[in-house]
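The structure under discussion appears below in the form of structure tokens.
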Amino acid sequence: MKLATIICFLLLTSITQAQEKDKYGRPALVPEIAELKIGDQVPDILIDNIINNDKRSIHTSDYKDRLLVLDFWERSCSTCIASMPKLDSLQRVFGDRIKLLSVTWESEAHIVDFFNKNRFLKEYNPPVHRASAVDDRILRSYFRYQTNPHVIWIYKGRVIAITGYEHITSANIQEVLDGKTVNWPLKNDSFDPMYPLMRLDGLSTEVVDSPYYGYSVLTGTSNSMQIGLGGLFYKQDTVRNSSRLAFFNQDLSHIYQMLLYATKPLVTVEDMRKDATKTPYLPHPARRILEVKDLSRFRNVDQENQVVWDRKNHFCYEMEQHGLVDKQALIKQALIDLNNRFGLNGRYEKRKVKCLVIIKTDQPLTDTLPKGKGGMSIPALVMMNLDYTQKFPPAVNETGLGFEVEFNMMPDDGTLAGFRKEMQRHGLDLIEAEREIEVLVISDAK
């Protein structure tokens, strides 16, 4: 009996622990808390465990006559992190009239460590250390969400808006402070990107089963989802014998980058070990070339309100075809379709581009480590120290060395001169030279 009791206890404990996490690994919501919607009065909520702030805890009632903006984030959300310097800047501009508070369910230890080590945020002067409520369950229970960033606007004790990060602008904040009624699109986390935009259930089975069955639909921005939601959504439906490709609220630059990137075979670590010249297709600006008359379709060159530009220049798309079509084949069909609809020609081609070329010198290689002992290989140096920073021309590896040789590289000072000096110490060097590399080109169709 004792053994059975122990087993039951362990099973119940395991079930309880499983229920304490949602599918994203976040702690479960507090069950007795009712969700708040736009227009609802906000109760006096104690917000504690705040770091990087003059107060360790605050109450929502402290801001009954001011604007309180809650920005839900987590460390895996690159968009959240990229927006943090802007949030700090806006907080300084508006001062005590507003409170921009970041909120995360993650632990204080993890978040403190993140702010101490994140290179992007440390580049700013002063380094960005956002005021952030940590270990949160209470606020997420009042303001429920699936995806980050998730922004709650509270003014004079009421929820006035629920948006994505793109609405946090100086103009929008001033609009609220001026007492104007805002009517921004609601960030809708109940949207299912895997469910078809067009469900043609009214068609007969014979029509859907026809080898000619298929459709594509292109729309403007949808208010039912956030800007730049996810990436490409691809699904083979074995029940309906169909294949579907979709994306939502993406601008033209990202649409072509996503689709063209996905037409390339994935470059694996094993590929790079066999061929040292192979590298992943990195999103380096110099590897993308725009040859179009109207640049305003691709970026906000006229400096209009970013939210307005986003709403005019983001698109949703869905293509469905009969049969279980390979993802790359479906993407190539979608590219032809979108080229025709937008009057563009997106493709990869070889161009001569100014590059940083990594070479071996006549000096012996030094400070090398046995493979797998914690050093950095040449492809890792290219990706981590050069191309990912996007500060320098694209890097090309002409050392003939791949993953088989690793170097005990010390941290550089973030400058090209500092990185080059460190490489020279290892028997390597960097030179600037033109090289013919593969680039992504988008041009107006002829």
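The values are calculated or read from the model by the stated rules, or taken from the named source; none is laboratory data. This is a predicted model, so every value here is computed, not measured. When we count neighbours, we look across all protein chains shown, and the Cβ atoms used for this are built from the backbone with ideal geometry, even at glycine.
Suppose we keep only residues that are surrounded by fewer than 17 Cβ atoms within 10 Å (Cβ to Cβ) and over 15 Å from H167 (Cα atoms) within the range 75-84. Which one would you say is farthest from the chain's Cα centre (by Cα)? So, considering only residues that are surrounded by fewer than 17 Cβ atoms within 10 Å (Cβ to Cβ) and over 15 Å from H167 (Cα atoms), the one farthest from the chain's Cα centre (by Cα) is R75. Restricting attention to the range 370-404, which residues are modelled with pLDDT of 70 or more and either touching a helix residue (DSSP H, G or I) at 6+ places or on another chain (Cβ under 7 Å) or in a strand (DSSP E or B) (or both)? If the condition is that a residue be modelled with pLDDT of 70 or more and either touching a helix residue (DSSP H, G or I) at 6+ places or on another chain (Cβ under 7 Å) or in a strand (DSSP E or B) (or both), then S377, Q390, F392, P393, P394, A395, V396, N397, T399, L401 are the ones that fit.
For (1) surrounded by fewer than 15 Cβ atoms within 10 Å (Cβ to Cβ); (2) within 28 Å of the chain's Cα centre (by Cα); (3) at pLDDT 85 or above, each residue gets a yes or a no:
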{"site": "N305", "(1), (2), (3)": "yes, yes, no"}
{"site": "D310", "(1), (2), (3)": "no, yes, no"}
{"site": "Y317", "(1), (2), (3)": "no, yes, yes"}
{"site": "P364", "(1), (2), (3)": "yes, no, yes"}
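Of all the listed residues (T169, T163, T147, T181), the sole one being under 11 Å from V69 (Cβ atoms) and of a type in the set (S, T, N, Q) is T163. Which one is surrounded by the fewest Cβ atoms within 10 Å (Cβ to Cβ) among residues in the range 238-257 that are in a loop (DSSP other than H, G, I, E, B) and of a type outside the set (A, V, I, L, M)? Within the range 238-257, the match that is surrounded by the fewest Cβ atoms within 10 Å (Cβ to Cβ) is T238. On inspection, V134 passes the criterion of being touching a residue at least 60 places away in the same chain (Cβ under 8 Å), aliphatic (A, V, I, L, M) and assigned by TED's automatic domain parsing to the domain that holds V30.
Screening the candidates L90, L100 for the property of being under 16 Å from N49 (Cα atoms) and among the hydrophobic types (A, V, I, L, M, F, W, C) yields one hit, L100.
G231 meets all of the listed conditions (1) out of contact with any helix residue (DSSP H, G or I) (no Cβ under 9 Å at 6 or more places or on another chain); (2) of a type outside the set (A, V, I, L, M); (3) modelled with pLDDT under 85 but one, namely (1). Among the residues of the range 322-342, just one is crowded, with 20+ Cβ neighbours inside 10 Å and not in a helix (DSSP H, G or I), namely V325.
Within the range 105-129, the set of residues being touching a residue at least 40 places away in the same chain (Cβ under 8 Å) and not charged (D, E, K, R) comprises W105, I111, V112, F115, L121, V128, H129.
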